[in-house]
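Report on one structure; see the data block that follows.
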Amino acid sequence: MTVHAPSRQSVRTALFVAFVVALVCLPFAIFGEEFVLPLLQTRAQQAGALTVLSILLLAADSVAPVPATLVIMYLAAKAGWLAGIIGGTLGMSAGVLAAAWLGRFAVGRLAPKFFPDTELARLRESLQSRLTLTLACLRSVPVLAETSIIVAAAMGIPTTRIFWVTVLPNLIVSTIYSVAADDSFVTAALTFFLTLAVSYAVWRWAPRRRG
């Protein structure tokens, strides 16, 4: 059995993704996430203020150590499941925009140092062809959710496209965690597979917009 060495493109891609993962994990390593719950508790009795605070925290998820599921569950527990769904979806969608901005204007400047132009174009085309499924798969996975958005934007995929293919997955994630009020493995697995199934159905339903 012949074992082939990984191609240069595979190695460069792996290094680039590892760099972005490290970038996303850095705030957690430096600051930890213990501050989030006490901060939410300061507005526990104020539904409106708690919703706004939760949206802001989720919007900062790509650059701050914010446990998104905890924020959504706490919001739903204190302000109601509907607030959890709406606030969670708005906050996660705002977080997508923030991560895409970071990917395009910061990490995107480093992408050419990892890939030549022709290779970057091939990677962009490959990612665009399965963008909906790729981003949907990872919306409920900590760290990789932010990493996938940053990488997609750094590859040159338009922010508006990234935003719209993640709205439905964000809604599903927010709904499940708001209603279940539980972050067990079963809930995480259900969220992952339901998000993927619905996104796949949308992807198949609109073949002309594959992505």
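Extension gain, Arg122-Leu15: 0.36 nm per intervening residue step, less the Cα-Cα distance, totals 36.8 nm.
Of the two radii for the chain, the radius of gyration is 1.00 times the Kirkwood radius, both from the alpha carbons; that is the Rg over Rh value. Largest GNM mean-square fluctuation among Arg104, Arg139, Arg161, using the chain with Cα springs under 10 Å: Arg161. To the nearest 0.05, how large is the calculated FRET efficiency for Arg8 and Leu110 if R₀ is 22 Å and r is the Cβ-Cβ distance? Here the calculated transfer efficiency is 0.80. Note on Ser129 and Val202: their simple-model spin labels are 2.2 nm apart, each label 7 Å out from Cα toward Cβ. In the chain, helical runs assigned H by DSSP with n ≥ 4 each contribute -39500 (n - 2.57); averaged across all residues and rounded to the nearest 500, the mean residue ellipticity at 222 nm is -24500 deg cm²/dmol. All other residues whose Cβ lies under 15 angstrom from that of Phe192 are scored, Lys and Arg at +1 and Asp and Glu at -1, for a net of -1. Across the chain, Cα pairs under 8 Å and at least six residues apart give a relative contact order of 23 percent. About the centre of its Cα atoms, the chain shows a dipole size close to 820 debye [charges on the beta carbon of Lys, Arg (+1) and Asp, Glu (-1) only; nearest 20 debye]. Of the residues Gly156, Pro169, Thr69, the one whose Cα sits farthest towards the positive end of the charge dipole of the chain is Gly156 (charges of +1 on Lys and Arg Cβ, -1 on Asp and Glu Cβ, taken about the Cα centre). Set the Förster radius R0 to 25 Å, insert the Cβ-Cβ distance between Leu190 and Phe28 as r into 1/(1 + (r/R0)^6), and round the FRET efficiency to 0.05. E between Leu190 and Phe28, to the nearest 0.05, is 0.50.
Here the Gaussian network model covers the chain, with springs between Cα atoms less than 10 Å apart; of Ser199, Ser174, Ser62, Ser199 fluctuates the most.
Along the charge dipole of the chain, pointing to its positive end and built from +1/-1 on Cβ of Lys, Arg, Asp and Glu, which listed residue (Ser126, Gly91, Ala79) has its Cα farthest out? Working it through, the farthest residue towards the positive pole turns out to be Ser126.
Phi-derived couplings, Karplus 6.51 cos²θ - 1.76 cosθ + 1.60 at θ = phi - 60°, listed residue by residue for the stretch 41-55: 5, 5, 10, 4, 9, 10, 4, x, 5, 5, 5, 4, 4, 5, 4 Hz, with x used for Gly and Pro. Under a no-solvent Debye model with one identical scatterer per Cα of the stretch 1-75, what's log10 I(q)/I(0) at q = 0.20 Å⁻¹? Ignoring solvent entirely, the Cα scatterers give -0.84.
Rule-based calculations on the coordinates, nothing more; no lab input. Note that this is a predicted model, so its numbers are computed, not measured. As a convention, Cβ positions derive from the backbone with ideal geometry for all residues, glycine included, and neighbour counts pool all protein chains shown.
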